[in-house]
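For reference, the structure is listed below as structure tokens.
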Amino acid sequence: MADMIPMQAPTLASTLLPASGSRSATLRNVALAVAGSLLMVLAAKIKVPFWPVPMTLQTLAVLGIGAAYGPRLGAATMALYIAYGLAGLPVFTNTPPVAAGPLYLVGPTGGFLVGFVLAAAIAGWAAERGASLVRLVGGLVLADLVLLAIGCLWLAFGAQMAGGVSGVGLGKAFAFGVQPFLLGEALKVALVACFAGAGWSLIRRRG
């Protein structure tokens, strides 16, 4: 019970919000997980005009939360967000009009949602204190690629489509689920890398 949602230290969040004991750390982690999951809900509903297609801010939030929270709390926050949707709350990008609930995860975007958990964990590892620039940037790129790969493979072979068809094939999955978003994803990775690097630099300057 000492650490219901453990946070791997040191992370940006644990450094900026130090806890005086195990109970304080647990309360902090729970509060951060709730705040992060609500940020995910907001990011899912915001569509930003971009080329070649509009994009949401969800993957930016996934990488940013992972980088700030660390691997375990970052992954737990994504799991909490997904749990909202599984419970029927309209927290995903297409809800409403598409109903939330367990069936949402077997739809076209289910793989991306599952990928959020692993991506946040990888981003958290990449941005821990003392990480080199290569580890930070490389880890964030890896996190995003893993997310896209899981989402693409699910869309290609597992997603339940209209008419009972499973998946759309790898070519279409990449063409419609990955390729249009690559430029935006590169920008998001760069933003999170700058944010995490600047955060640790500021902490070091303050002693």
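Laboratory data are not the source of any read-out in this text; all were calculated from the coordinates shown. Quick caveat: nothing in here was measured; it's all calculated off a predicted structure. Cβ placement follows ideal geometry from the backbone for every residue including glycine, while neighbour counts extend to all protein chains displayed.
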- FRET efficiency for Ala83 and Ala162, Cβ-Cβ distance as r, R0 = 30 Å, nearest 0.05? 0.65
- Task: Take the Cβ-Cβ distance between Ser24 and Arg204 as r, set R0 to 25 Å, and report the resulting FRET efficiency rounded to the nearest 0.05.
- Result: 0.55
- Message: Which of Phe157, Phe92 has the fewest other C-beta atoms within 10 Å, and how do the rest follow up to the most?
- Response: Phe157, Phe92
- Note on the structure: To the nearest 0.05, the calculated FRET efficiency linking Leu16 and Ala190 through their beta-carbon distance, R0 being 35 Å, is 0.95
- In which sequence would Val165, Val91, Val62 go, from the one with the fewest C-beta neighbours within 10 Å to the one with the most? Val165, Val91, Val62
- Note on the structure: Out of Thr109, Thr59, Thr15, a Gaussian network model of the chain with alpha-carbon springs under 10 Å gives the largest mean-square fluctuation to Thr15
- Message: Skipping prolines and chain starts, which residues have an amide H placed within reach, meaning under 5 Å, of the one on Thr56, given they are 5 or more residues away or on another chain?
- Response: Val48
